[in-house]
Amino acid sequence: VTSLLQLNSLGPTMDMYVIGLQEVNSRITNFLSDLAFDDPWSIFFMTVLSPLGYIKLSSVRMQGLLLLVFVKHVHLPFIRDIHTHYTRTGLYGYWGNKGGVTVRMSLYGHTICFMNCHLPAHMENTEQRLDDFEKILEMQFEGENIPSTLDHDVLFWFGDLNFRIADYGIHFVRESINNKRYNLLWEKDQLNMAKKKEAFLQEFIEGPLQFKPTYKFDLYSDVYDTSEKKRKPAWTDRILWRVKNLCQHASKEVEFSEEEQTISVTLNNYISHMSYGISDHKPVTGTFGLELKPLLSDPLIILNPEGEWSAEHDVLISYSAVPEFPSSAWDWIGLFKVAFRHVNDYVTYAWVEDDEISSNKDSKQVYMSAAEIPDMGGEFLLCYYSNNLQSIVGISQPFQIQPNRTLIEKDLTQEENSWMQKPDNLESLDEF
């Protein structure tokens, strides 16, 4: 996925990856296994991204629909109120082969929502697609004071939306594609047509479709469907977004200054990736710049390792909290390898109340037992997890843990002794 995630890009690295998949393997045995453990796609993306300093912030799965959010460590203390939801629309809402999966959060004090959808297929089902999307938009997150989907400051809507190119015959569509005259097809794209008629869609923005329609291809090729059905090519795979304050100002027909605009979204590129052939769809990516005025500038928790850490002795952690921090007896501080994958990927942890050894108005100290520290040492960091906020609210700088020298010397001695004792049934080496 190097090109898909633009990992070789010369530009600045991404702060966040939001990955929406549809039709991942959802046979019952696979799905039940994936409920108990991370699914293969999550593991794969974690394997690629965690060494680069990204953590899986959240994920939500509904049968073949999967939504993953990865973020750089530096942003973790400023991402709060993470919630997920899924909405079934298949079989009148009883089956999850179609529908939407959603992750929402507060990012530096601004509300952001990501919605990955798989809408009904076939040319004639435009109205059903629109009805299903309206139903998904109406869903409510569980929890207090969480805005509705359309009340988020920014909403991203993407996935296999299944809108087709109406009216034009397959030969005209293919000829337009071959000549790269995509603009001839835009006005008959069902989503573009619906955006002109449906009020709830008019507030969504999309970049220009300057790439080939991404459906339907023969597997492992860039040749459109050669089967008996010969389906007409279509831009089924889309990424749109909506900025709430733009909608409000547009409805009032009022100009507003840059000072009033606390958040803005810029599309940097919107492309398909023709080199991928494992699906009859080609994947689509959008790279965005999100410019916002931080409403949060300080982390709720600042924490650091005390002194030099070694696997040979108990160690201390000091931390301080802002006055309004809603602490809990279930809060904990985790020790993580620098390339940790997700919040539960800790090496060990300490309860902030049970393992507290000192406290004053400015800071508190928590201890970790030497028995819990990795003997081989290495580079680690500390994270404070808030039970009330269900998120990491403080993260330390990376630091070194010195290895347990006594144990290493003992291991080396045992290794030397094992080489000195030649088994009776082994011929001398010079005879080989």
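The values are calculated or read from the model by the stated rules, or taken from the named source; none is laboratory data. Keep in mind it's a predicted model, so treat the numbers as computed, not measured. Neighbour counts run over all protein chains shown; Cβ positions are idealised from the backbone, glycine included. Heads up: the accessible areas ignore ligands, DNA and RNA and are worked out on the full protein's heavy atoms, side chains in. Shrake-Rupley method; radii C 1.70, N 1.55, O 1.52, S 1.80 Å.
Residues in the stretch 259-287 that are in contact (Cβ under 8 Å) with a residue 60 or more places away in the chain and charged (D, E, K, R) were compared, and the one that is nearest to residue 224 (Cα to Cα) is 280. Of the residues making up the stretch 108-131, those that are farther than 22 Å from residue 82 by Cβ, without any contact (Cβ under 8 Å) to a residue 60 or more places away in the chain and open to solvent by 10 Å² or more (accessible area, probe 1.4 Å) number 8.
Quick check on residue 392: is it open to solvent by 60 Å² or more (accessible area, probe 1.4 Å) and either modelled with pLDDT of 95 or more or of a type in the set (A, V, I, L, M) (or both)? Judged against the criteria, residue 392 is not a match. Given the criteria touching a strand residue (DSSP E or B) at 6+ places or on another chain (Cβ under 9 Å) and either open to solvent by 20 Å² or more (accessible area, probe 1.4 Å) or assigned to a strand (DSSP E or B) (or both), does residue 181 qualify? Answer is no for this residue.
Counting only residues that are open to solvent by less than 80 Å² (accessible area, probe 1.4 Å) and aromatic (Phe, Trp, Tyr), the stretch 314-357 holds 6 of them. The one condition from (1) at pLDDT 95 or above; (2) farther than 29 Å from residue 104 by Cα that residue 235 does not meet is (2). Taking residues in the stretch 345-359 that are free of Cβ contacts under 8 Å to residues at least 24 places away in the same chain, and partners anywhere that are polar (S, T, N, Q) and surrounded by fewer than 13 Cβ atoms within 10 Å (Cβ to Cβ), the pairs with Cβ atoms closer than 9 Å and at least 6 places apart or on different chains are 355/369. Scanning the stretch 194-204 for residues that are without any contact (Cβ under 8 Å) to a residue 40 or more places away in the chain and surrounded by fewer than 17 Cβ atoms within 10 Å (Cβ to Cβ) yields a total of 4.
Of note, residue 214 satisfies the criterion of being under 19 Å from residue 183 (Cα atoms), surrounded by 15 or more Cβ atoms within 10 Å (Cβ to Cβ) and touching a Lys or Arg at 6+ places or on another chain (Cβ under 7 Å). Can you tell me which residue is nearest to residue 299 (Cα to Cα) among those in the stretch 63-73 that are under 15 Å from the mean Cα position of the chain (by Cα) and open to solvent by 20 Å² or more (accessible area, probe 1.4 Å)? Taking the candidates together, the pick is 73. Scanning the stretch 48-62 for residues that are free of Cβ contacts under 8 Å to residues at least 60 places away in the same chain and not aliphatic (A, V, I, L, M) yields 54, 58, 59, 61. Can you find a residue that is farther than 19 Å from residue 239 by Cα, within 15 Å of the chain's Cα centre (by Cα), aliphatic (A, V, I, L, M) and part of a strand (DSSP E or B) anywhere in the stretch 87-103? Looking for residues that are farther than 19 Å from residue 239 by Cα, within 15 Å of the chain's Cα centre (by Cα), aliphatic (A, V, I, L, M) and part of a strand (DSSP E or B), one finds none in the stretch 87-103, hence no. Going through (1) under 15 Å from the mean Cα position of the chain (by Cα); (2) modelled with pLDDT under 90 one by one, residue 31 falls short only on (1). Here residue 360 does not qualify as modelled with pLDDT under 95, open to solvent by 40 Å² or more (accessible area, probe 1.4 Å) and closer than 22 Å to residue 74 by Cα. Collect the residues in the stretch 1-28 that are open to solvent by less than 60 Å² (accessible area, probe 1.4 Å) and either modelled with pLDDT under 60 or more than 19 Å from residue 270 (Cβ to Cβ) (or both), keeping them in residue-number order. Listed by number, the residues that qualify are 24, 26. Determine, yes or no, whether residue 137 is under 25 Å from residue 200 (Cα atoms) and buried (at least 17 other Cβ atoms within 10 Å of the Cβ). Taking the combined requirement at face value, the residue satisfies it.
Checking the structure you have, find out if any residue of the stretch 154-166 is in contact with a helix residue (DSSP H, G or I) (Cβ under 6 Å, 6 or more places away or on another chain), open to solvent by 20 Å² or more (accessible area, probe 1.4 Å) and of a type outside the set (D, E, K, R). Scanning the stretch 154-166, I find no residue that is in contact with a helix residue (DSSP H, G or I) (Cβ under 6 Å, 6 or more places away or on another chain), open to solvent by 20 Å² or more (accessible area, probe 1.4 Å) and of a type outside the set (D, E, K, R), so the answer is no.
Close contacts from the stretch 288-304, counting a first residue that is under 12 Å from residue 262 (Cβ atoms) and free of Cβ contacts under 8 Å to residues at least 60 places away in the same chain and a second that is exposed (fewer than 13 other Cβ atoms within 10 Å of the Cβ) and not hydrophobic (A, V, I, L, M, F, W, C), with Cβ to Cβ under 8 Å and a gap of 6+ residues or different chains, come to 291/266.
From the set of residues in the stretch 378-388 that are at pLDDT 95 or above and not aromatic (Phe, Trp, Tyr), which is most open to solvent (accessible area, probe 1.4 Å)? Applying the filter and picking the extreme gives 379.
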